[in-house]
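The values are calculated or read from the model by the stated rules, or taken from the named source; none is laboratory data. Because the structure is a prediction, the values reported are computed rather than measured. We place every Cβ from the backbone using ideal geometry, glycine too, and count neighbours over all the protein chains shown. Ligands, DNA and RNA are stripped out before the accessible areas are found, and what is left, the full protein with its side chains, is counted by its heavy atoms. Shrake-Rupley method; radii C 1.70, N 1.55, O 1.52, S 1.80 Å.
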Amino acid sequence: MAERYDVVVLGAGPAGYVAAIRSAQLGLSVACVDRWRTPSGEYALGGTCLHVGCIPSKALLESSEHYERARHRLAAHGVSVGEVSFDLAVMQARKEAIVRRMGRGIAALFRKHGVAWIPGHGRFVAGGTTWKLAVTGEGGTRELEATHVIVATGSTARRLPDVEVDNRIVCDNEGGLAFERVPERLGVIGAGVIGLELGSVWRRLGARVTLLEALPTFLPAADESVAQEAWRLFTGAQGLHIELGVRVESVVRSREAATVRYRRADGSAAELACDRLIVAVGRQPASEGLGAEAVGLAIDAQGFIEVDKNCRSNLPRVYAIGDVVRGPMLAHKGEEEGIMVAEIIAGQHGHVNYDAIPWVMYTMPEIAWVGATEQELRTQGIAYRAGRFPFAYNGRALGRDDVEGFVKILADAVTDRILGVHAIGALASELIAEAVLAIEFGASSEDLGRICHAHPSMSEVMREAALALAGRSLNG
């Protein structure tokens, strides 16, 4: 006999587990199905983000940044540490401990809110007045029946044709987080968020890092002035070697190394020999194996489940959220969609403002933005004003020895409404929250400039950038 629920969520990554918890908070009976397994074979909650994505990468970024600071930046503070070394095994163990702790936390939240966790692979079997699903796990197959289904199966690493990933020599993001030793020569195919973050980790720990990017421009999604500053910092003092406009022709793997044969932007042939290679060419929706054909769930040519602005699929009472649908593949975007869908199912008026979704890169310095870029505003023919202020003039930044970068604010030339905020600098991931709030509530640059900011604080740069739109920054 089938187990009966108001809502069944397929996937327990950030989008799925948040959707499940919010649904339960609203009084619905909820089950969450997930097939993620740890290397030891145990089922675990949290999905790609927790296990081989956002959380472990940030843990390694933090550890490697501490090492970098100890080697190169503490002396300026009068702190002498002598010879600095690191233990990669300890770094990796700390990373895994964080992952386990957060996974246990999600399980505890499920127990607190009464969400049933069903380990295994879930798929649609049939539809009608309710949806019938089958979950195949260690104990066999369980039958579920649900009034509403939320698909939150996430994404997987995109592969290059004819390039086999073994996660030993040629790796995706999962293997790139699990090196047992620092490679002397690291190659990275792709200079986007994943490539730059993983490249930064291993560069700080001593690897010579070369990134090969197919696109002719660096960080095209970011504001062009931020991308230019990032290029200067990453390829300058930090020593990342980045080639743009590259066409990879082949990857030859041996027992202990890999060679990438490629064409440069000018058409010349080149080779990159490396001890480890990370393939970071983006991600693709994980929509296979859902039983979509059994119920007629519409999936487009790229593998995305087709949904409307409220994440409704073409099937009644079936929703899809997170990486498996259109839009940026960001964990927090998926979380917001999960909350929206749960509230809609419960008869409320959930919504997501996609113009107020922040983007963050956890490099050093960090990069964060929300809203429109200058190039987008120019293309759309929108008249705007820009205000910019550097961290180099900020007392807290000087005290922290974090003076690289700036904040830039773009506002409508007529109404002064903030259209976009872009930051490159220390703690940009934290500072951008103020900008998200401003855009969400339709604030003007005048509003932001008149808010009292603590002194000294990094956040003062946000205020100064807002004042700069009117030519009246106070400290620059």
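If r is the Cβ-Cβ distance from Ala269 to Glu224 and R0 is 45 Å, what FRET efficiency results, to the nearest 0.05? Working shown, then result.
On the way: r = 30 Å, r/R0 = 0.68.
For R0 = 45 Å, the calculated efficiency reads 0.90.
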Worksheet item: Quick one: Cα centre-to-centre distance for region 438-454 and region 133-185, in angstrom?
Response: 42
Worksheet, complete the sentence: Placing each pseudo-label 7 Å from Cα in the direction of the beta carbon, Met1 and Val79 end up separated by a distance in nanometres of 6.3
Discussion item. Need one number: convex hull volume per residue for region 312-470, Cα atoms only, in Å³.
Written reply: 132
Discussion item. Along the charge dipole of region 251-395, pointing to its positive end and built from +1/-1 on Cβ of Lys, Arg, Asp and Glu, which listed residue (Thr259, Ile299, Ala368) has its Cα farthest out?
Written reply: Thr259
Response to the item:
Taking only protein heavy atoms and a 1.4 Å probe, the highest-to-lowest accessible-area order of Ile21, Ile278 is Ile21, Ile278
Worksheet, complete the sentence: Distance in nm between Glu143 and Tyr67 label points, each 7 Å along Cα→Cβ, equals 5.4
Worksheet item: What relative contact order, as a whole-number percentage, does the chain give when Cα pairs under 8 Å and 6 or more residues apart are counted?
Response: 14
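Give the relative contact order (percent, whole number) for region 351-444; include only Cα pairs under 8 Å separated by 6+ residues. Numbers along the way, then the final one.
Working: 187 pairs, mean separation 31.3, N = 94.
Once normalised by length, the contact order is 33 percent.
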Worksheet item: What is the extension gain from Ala89 to Asp166, computed as 0.36 nm multiplied by their sequence separation minus the C-alpha to C-alpha distance, in nm to one decimal?
Response: 25.6 nm
Response to the item:
Taking r as the C-beta separation of Val403 and Ala470 and R0 as 25 Å, the FRET efficiency to the nearest 0.05 is 0.50
Fill in: Coil-residue trypsin sites (Lys or Arg not before Pro) of region 291-341, DSSP, other Cβ within 10 Å capped at 10
Lys309
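Under the 0.36 nm per residue contour assumption, what length would be gained going from the current alpha-carbon distance of Arg159 and Thr217 to full extension? Display every interim value, and only then the final one.
On the way: separation 58, 0.36 × 58 = 20.88 nm, distance 2.15 nm.
Value of the extension gain: 18.7 nm.
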Worksheet item: Binning every alpha carbon pair distance of region 117-218 at 5 Å from zero, what are the percents per bin?
Response: 2, 10, 16, 15, 10, 8, 9, 10, 10, 6, 2, 0
Discussion item. Quick check on my link table: of Lys58/Lys132; Lys309/Lys408; Lys95/Lys333; Lys95/Lys408, which ones sit more than 28 Å apart, alpha carbon to alpha carbon?
Written reply: Lys58/Lys132; Lys309/Lys408; Lys95/Lys408
